[in-house]
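A short write-up of the structure that comes next.
Any read-out appearing in this document is the output of simple, stated calculations on the displayed coordinates, not a laboratory observation. Keep in mind that what you see is a predicted model, and the values were worked out from it rather than measured. Cβ placement follows ideal geometry from the backbone for every residue including glycine, while neighbour counts extend to all protein chains displayed.
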Amino acid sequence: MVGDLAEPDDVRRAVDGADAVFAVPVGGPDEAKKARNGRLLIEAARESGARHFVQTTVAALPAHLGFGDPGTGYSFEPYTRARLEIEETVRAAGFRHWTILQPVAFMENFTGDKARFMYPGMASGRLDSAHHSDARVQYIATRDVAAFAVTALENPERFTHHDIELASQALTMGEIAAVLGEETGRSYTHRTLTPAEAADAGIHAGIVHSHLWDNRIGYHAPLADDQEKQWGIRPLTFRDWARANHQHLSSGQDPR
């Protein structure tokens, strides 16, 4: 169904008769719009009688609040508060079943337009960033977010009333460069940049801000072994993901 998530009539038609709803925050760069769209969808799903609402947000949201960095002049506050509001709306809506999936950083950040935006030097084999050389960043593949969503929808009693942080591995940028090189046959390197150097290299202030957050706070979600033990789903390793997507890594295309 084609529609606008900001239009109440479109949203009501979309959820009419639905037993379950899977939702992702949508609204472009306007975080307040994402929160409004999220509330509208949640309220429409509740009114339509949907029994299970599965929402994706982001891991470690409270840990993003109050993180200041004068070096970039950027703030996570609007991004974080919009998703916290969506989460709380889901929990309070009165659905018989609800599940909130909270992924960490995506492995897909190293493909296509996302890679060109986040790592402008990647096409030349440079993964330069503001990450410290020993900073470990947690990653998850988007297909594993889908696997958790499908499993939750098929097993509502087991997944109901759970906030589930999703991660597979925690890797340094040097380890990522090594895996990408081995799986593509190209050479990748990483160099830690200061915020000023990152800006000069064309990295967006918000991305630099996220690197500094990774250095100082970072995600601490359960990794693959614990995910499999608790939920019966084993997320892909970064190497397995890179092997499956090597053509997109080499060509710069977006995976489909």
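Data overview
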quantity: Relative contact order of region 175-256, defined on C-alpha pairs under 8 angstrom at six or more residues apart (%); calculated: 34
quantity: Fraction of beta bridges assigned by DSSP in region 8-251 that are antiparallel (%, nearest 5); calculated: 15
quantity: Normalised contact order of region 27-82, rounded percent, pairs of Cα under 8 Å and 6 or more residues apart; calculated: 36
quantity: For Arg239, net neighbour charge (Lys/Arg +1, Asp/Glu -1) across residues whose Cβ lies under 13 Å away; calculated: -3
quantity: Karplus-derived HN-Hα couplings along region 128-137 (A = 6.51, B = -1.76, C = 1.60, θ = phi - 60°), whole Hz, x at Gly and Pro; calculated: 4, 7, 8, 5, 5, 5, 9, 6, 9, 10
quantity: Region 59-172: C-alpha gyration tensor shape, a/c 1.5 cut-off, then a/b vs b/c; calculated: oblate
quantity: Size of electric dipole in region 40-183: Cβ of Lys, Arg +1 and of Asp, Glu -1, about Cα centre, debye, nearest 20; calculated: 260
quantity: Normalised convex hull volume, the chain, alpha-carbon set, Å³ per residue; calculated: 124
quantity: Relative contact order (percent, whole number), the chain, Cα cutoff 8 Å, 6+ residue spacing; calculated: 21
quantity: Helix-derived mean residue ellipticity, 222 nm - over the chain, DSSP H n ≥ 4, -39500 (n - 2.57), to 500; calculated: -13500 deg cm²/dmol
quantity: DSSP beta bridges in region 78-171 [antiparallel fraction, %, rounded to 5]; calculated: 30
quantity: Sequence-distant residues sharing a close amide H with Ala23 (under 5 Å, placed H); calculated: Val54, Gln55, Thr56
quantity: Extreme residue, positive dipole direction of region 23-75, given options Gly28, His52, Gly71 (C-beta unit charges); calculated: His52
quantity: Extended-chain gain in nm, criterion 0.36 nm per residue less alpha-carbon gap, Glu47 and Arg81; calculated: 9.8 nm
quantity: Sorted by Cβ density within 10 Å, fewest first, the residues Lys33, Lys229, Lys114; calculated: Lys229, Lys114, Lys33
quantity: Between region 13-78 and region 172-231, the Cα center-to-center distance that results, in Å; calculated: 25
quantity: Angle in degrees between helix 77-92 and the longest Cα principal axis of the chain, rounded to the nearest 10; calculated: 30
quantity: Charge dipole (debye, nearest 20) of the chain; +1 at Cβ of Lys and Arg, -1 at Cβ of Asp and Glu; calculated: 180
quantity: Summed side-chain charge close to Ala14 - residues other than Ala14 whose Cβ falls under 11 Å, Lys, Arg +1, Asp, Glu -1; calculated: -3
quantity: The chain: angle of helix 142-154 to the longest principal axis, Cα-based, in degrees nearest 10; calculated: 20
quantity: Amide H within-cut-off set for Glu165, under 5 Å, with H built and near neighbours excluded; calculated: Gln102
